[in-house]
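What follows is a single structure, written as structure tokens, with notes after it.
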Amino acid sequence: MAPRPAWKGYLKLSLVSCAVELTGTTDHSEKVSFRVINRKTGNTVRRQYIDSVSGKPVDDDDEVKGYEIGDDEYLLVEEDEIEKVQIESSHTLSIEHFVDRADIPQIYFDTPYYVTPSDDVSEEAFAVIREAMARQKKAGIARIVLYRRERPVMIEPFESGLLLTTLRYDKTVRKPDEIFEGLRKVKLDTELIDLATHIIDKKQAAFDPSGFEDRYETALLDLIEAKRKGRKPPVVQAAERPANIVNLFDALKKSLAEDGGGKPATKAKATMAKETTAKETAAKETAAKTATKRTTGPRKRA
């Protein structure tokens, strides 16, 4: 079953527009989900709105949104009134300007969506906009009303379509200085950095998301399967919690040894020294040859 679009409207670049739709990039269906059950009867429990003063249940037809305008005073707003609130970005993704993607800090990225043409007529215009953006290697900045809130977005070429990522408002993002200002500068030993660098080298690999697995969910499924079959829940050995390191140098060396690294820090230094010596020797030999040629060059005839 094809996923339901999260939004339908138009993508607009100056006077060029095409019909598009947004589809979530992630599947939120859960493998493990729980319902609330009445322990005494075994029946499922449903939620119901209760009047805060009378304590009586409220019928669906009597439920309405209210905006607080004073102490215990609310302005009632009907659903159809909210639906009638429309601005340009409710139906049109109008690209306002283009930026280098690298100029947008990672902390501003929120939720990604695939963007595709929503009908055959729009395919050509969509492809032209996508190809032009790909050639210029630029990302477009636009706005969209999504889930009753206008959000700034970044649009960029992705595979054969486009990728839209909602962006966080600047006022909602905590500035790094607010969090990191208390960090004091530490004078670091270069040998410790070399050891840590070699650990990183040993652990390098190509990014492969297919290897990601929710191990916690697997443990939950094991628990459910055991209870279903009337067995005791499996005993899960709790992982040892790490502690603060007392001797950083020894911990780095041990980590390196466990990763099959031996003593690469020493080897690396030796290799670098050999390479430096070889380069210096080659440079001296080249200089000597040049000097010899100048001295023993062809003599002029008398």
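Centre-to-centre, using Cα atoms only, segment 163-203 and segment 147-161 are separated by 27 Å.
Assigning unit charges at the beta carbon (Lys, Arg +1; Asp, Glu -1) and nothing else, what dipole magnitude in debye, to the nearest 20, does segment 2-95 show about its Cα centre? List each step's numbers first, then the result.
Numbers: 12 positive and 19 negative charges, 197 e Å.
The calculated dipole for segment 2-95 is roughly 940 debye.
Note on segment 15-88: dipole from Cβ charges, positive end direction compared against Tyr74, Ser33, Thr23; the farthest Cα belongs to Ser33.
Projecting the Cα atoms of Phe158, Tyr114, Val173 onto the dipole axis of segment 108-182, where Lys and Arg carry +1 and Asp and Glu carry -1 at the beta carbon, places Val173 farthest toward the positive end.
Listed here are the pairs Lys8/Lys171; Lys8/Lys84; Lys40/Lys232; Lys12/Lys137; Lys12/Lys171; which of them are more than 21 Å apart at the Cα?
Details: Lys8/Lys171 28 Å; Lys8/Lys84 17 Å; Lys40/Lys232 23 Å; Lys12/Lys137 18 Å; Lys12/Lys171 27 Å.
Check vs 21 Å cut-off fails for Lys8/Lys171; Lys40/Lys232; Lys12/Lys171.
Simple spin-label estimate for Tyr108 and Val121 gives 3.5 nm between the two label positions (7 Å along the Cα-to-Cβ direction from each Cα).
Over segment 140-194, what is the relative contact order in whole percent, taking alpha-carbon pairs under 8 Å and six or more residues apart? Mind dumping the intermediate values first?
On the way: 44 pairs, mean separation 11.3, N = 55.
Result for segment 140-194 is 20 percent.
Dividing the C-alpha radius of gyration of segment 189-238 by 2.2 N^0.38 Å, with N its residue count, gives 2.01. The Cα trace of segment 121-264 gives Rg and Dmax of 24.8, 67 Å, the first to one decimal, the second as a whole number.
Subtract the Cα-Cα distance of Gln204 and Asn43 from 0.36 nm times their separation in residues, and report this length gain in nm to one decimal. Present the calculation step by step, with values, prior to reporting the outcome.
Values: separation 161, 0.36 × 161 = 57.96 nm, distance 5.16 nm.
Between Gln204 and Asn43, full extension yields 52.8 nm more.
Across segment 154-237, the fraction of Cα-Cα pairs farther apart than 21 Å, rounded to a whole number, is 74%. Report note on the peptides 212-221, 103-112: ranked by the mean count of other C-beta atoms within 10 Å, highest first, their order is 103-112, 212-221. In terms of the Cα gyration tensor, with a ≥ b ≥ c the square roots of its eigenvalues, is segment 68-144 rounded because a/c is under 1.5, prolate because a/b exceeds b/c, or oblate? In terms of gyration-tensor shape, oblate. Here the extension length gained between Lys232 and Asp170 equals 17.2 nm, from 0.36 nm per residue of separation less the Cα-Cα distance. If you look at the Cα atoms of segment 1-124, you get an Rg and a Dmax of 22.1, 65 Å. Annotation: for a label point projected 7 angstrom from Cα along Cα→Cβ of Lys31, residues of segment 214-237 with backbone N closer than 13 Å are 214-225. Cα gyration tensor of segment 51-189, axes a ≥ b ≥ c as square roots of the eigenvalues: rounded (a/c below 1.5), prolate (a/b > b/c) or oblate? Oblate is the answer for segment 51-189, as a/c is 1.5 or above yet b/c matches or exceeds a/b.
If packing is taken as the average number of other Cβ atoms within 10 Å across a peptide's residues, how do 185-198, 32-45, 150-163, 130-143 rank, most packed first?
The most tightly packed comes first, giving 150-163, 130-143, 185-198, 32-45.
Shown is the FRET efficiency for Glu88 and Glu258, computed with R0 = 45 Å from the Cβ-Cβ distance and rounded to the nearest 0.05: 0.15.
Since every read-out is calculated from the coordinates, none of them should be taken as a lab result. Treat the numbers as computed from the prediction; the structure is a model and nothing was measured. Every residue, glycine as well, gets a Cβ built from its backbone with ideal geometry; the counts of neighbours run over all protein chains shown.
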